[in-house]
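The values are calculated or read from the model by the stated rules, or taken from the named source; none is laboratory data. Not measured: the values here are computed from a predicted model. Counting neighbours? That spans all protein chains shown, and the Cβs are built from the backbone with ideal geometry, glycine included. For the accessible areas, the whole protein counts, side chains as well, though only heavy atoms, and no ligand, DNA or RNA atoms are used. Shrake-Rupley method; radii C 1.70, N 1.55, O 1.52, S 1.80 Å.
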Amino acid sequence: MKKVISDILLVLLGNAILAFGYAVFAIPANLIVGGATGIALTLEKLSNIDYTTIVLIINIMMLILGFIFLGKNFVAGTLLSSLAFPIFLEIFETVEQFQNISNDVLLCTIYAGFCIGIGVGIIFRRGYSSGGMDVPPLIINKETGISIAFLMNVCDIIILFMQVFFSSFEGILYGIIAVIICNYVLDKVLMIGERNIQVLIISSKHEQIAEAIFKEINRGCTFMNVTTGYLHEPQYAVLSVMSARQYPQINELVLDIDPTAFIISNDIHSVKGRGFTLPNIDL
């Protein structure tokens, strides 16, 4: 129940930030945007229907398609976003103060990309879809096996191209900047809390180093069989994963034990297992 409530609150938060980025920054600045909102803005130019209403209609249609091709589990996970997003759009559209935050197009471009990236990132981190035009790529991927990322990019390019006829050349250039910022921020949000350091230590004092890692850093480690390249001697290497904040401590610890130790470190993401997603074992 806690997870369900947490998911609902975070998906609502993500959709609120996403809608804020569109309604307050992207749309007042006449930026070209992707997704269902991009299609809605295009159709609004061709009809007298408000774009928020069109977004809701598109989302409902995509939900029906998702139910037919992807099943009821998909609909359950996406229904909240599909309904919440157009509602938040309508709310932010009706607040007059939000429509005059800035007249600087570049500032609106930066904050539009920033807000959209954060909003989508929060939704994706909970394992849900933001609905709308996420659905066709998922269906095509299921039927053909073509990469989802590739299909989503193609879909966005088509939607952006549709708006070229209703936007200035300057608006198109700013829109491209917003998309780049959005994708960058999205990647960073998805990786929040996931960055760790993997360290491989090659030393003849591997036993002492492993014991020090257990006792001083409270991290586990694994012995790996290696053969030295110059002397061709069999030896153990110590492999350990830790948070970025713990790396300076373990680096100093290893060099205190063996100043000649060979240390290799690199960034890794999404570590699962004991000490990270499972509780530690008291040794």
>> At 1.4 Å probe size, put TYR51, TYR247 in order of accessible surface, largest to smallest.
In response: TYR247, TYR51
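Which value, in debye to the nearest 20, gives the size of the charge dipole of the chain about its Cα centre, when Lys and Arg are +1 and Asp and Glu are -1 at the Cβ?
Details: 15 positive and 22 negative charges, 130 e Å.
In total the dipole reaches around 620 debye.
Compute the relative contact order of the range 1-124 as a whole-number percentage, counting only Cα pairs closer than 8 Å that sit 6 or more residues apart in sequence. Mind dumping the intermediate values first?
Numbers: 125 pairs, mean separation 62.4, N = 124.
Value for the range 1-124: 50 percent.
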>> Given the whole protein assembly as supplied and a 1.4 Å probe, what does the accessible area of LYS3 come to in Å², nearest 10?
In response: 130
> Given the options ILE197, ILE159, ILE32, which has the most mean-square fluctuation in a GNM of the chain, springs set between C-alpha atoms less than 10 angstrom apart?
Replying inline: ILE197
>> Can you give me the solvent accessible area of LEU63 with a 1.4 Å probe, rounded to the nearest 10 Å²?
In response: 20
> Which whole-angstrom value gives the distance between the alpha carbon centres of the range 101-124 and the range 165-230?
Replying inline: 25
> All other residues with a Cβ under 15 Å from the Cβ of PHE150 taken together, and with Lys, Arg as +1 and Asp, Glu as -1, what is their net charge?
Replying inline: -2
> Given (i) 33; (ii) 48; (iii) 39 as candidate values of percent of Cα pairs over 29 Å apart, which corresponds to the one derived from the coordinates?
Replying inline: (ii)
>> Tell me the carbon and sulfur percent of the accessible area for the chain, rounded to whole percent, probe radius 1.4 Å.
In response: 64
>> Keeping all protein chains in place and using 1.4 angstrom, which order do PHE169, PHE124 fall into by accessible surface area, from largest down?
In response: PHE169, PHE124
>> Can you tell me which aspartates and glutamates have their Cα less than 13 Å from the Cα of LYS205? Leave out same-chain residues fewer than eight positions away.
In response: ASP256, ASP258
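Please give the calculated 222 nm ellipticity per residue for the chain, where each DSSP H segment of at least 4 residues contributes -39500 (n - 2.57) and the sum is spread over every residue; nearest 500 deg cm²/dmol?
Working: 10 runs with 161 residues, N = 283.
When only DSSP H runs of four or more count, the value is -19000 deg cm²/dmol.
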> If you build a Gaussian network model of the chain, linking Cα atoms that sit under 10 Å apart, which residue out of ILE123, ILE177, ILE257 swings the most?
Replying inline: ILE257
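What length, rounded to one decimal in nm, is gained on full extension from GLN235 through to MET1, with 0.36 nm per residue of separation minus their alpha-carbon distance?
Numbers: separation 234, 0.36 × 234 = 84.24 nm, distance 4.99 nm.
Extra length available between GLN235 and MET1 comes to 79.3 nm.
What does the charge count around ILE116 come to, taking other residues whose C-beta lies under 14 Å from its C-beta (Lys +1, Arg +1, Asp -1, Glu -1)? Working shown, then result.
Working: positive: LYS188; negative: ASP134, ASP156, ASP187.
So the environment of ILE116 carries a net charge of -2.
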> How large is the accessible surface per residue of the chain, computed with a 1.4 Å probe and reported in Å² as a whole number?
Replying inline: 57
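How do ILE157, ILE39 stack up against each other in accessible area, from largest to smallest, with a 1.4 angstrom probe? Before the final figure, lay out the partial values.
On the way: ILE157 110, ILE39 30 Å².
Descending order: ILE157, ILE39.
Can you figure out the FRET efficiency of LEU10 with THR260, using R₀ = 41 Å and their beta-carbon distance, to the nearest 0.05?
Working: r = 49 Å, r/R0 = 1.18.
E(calc), rounded to 0.05, equals 0.25.
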> What FRET efficiency do you get for GLN249 and ILE110 if R0 is 41 Å and r is their Cβ-Cβ distance, rounded to the nearest 0.05?
Replying inline: 0.65
>> How far apart, in nanometres, would the label points at VAL226 and LEU65 be if each is projected 7 angstrom from Cα along the Cα-to-Cβ direction?
In response: 5.1
>> What is the sum of charges, Lys and Arg at +1 and Asp and Glu at -1, for the other residues whose Cβ falls under 11 Å from the Cβ of TYR128?
In response: 0
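Fully extended, how many nm does the chain gain between ASN48 and LYS215 (0.36 nm per residue separation, minus their Cα-Cα distance)?
Values: separation 167, 0.36 × 167 = 60.12 nm, distance 6.93 nm.
The span from ASN48 to LYS215 would gain 53.2 nm if fully extended.
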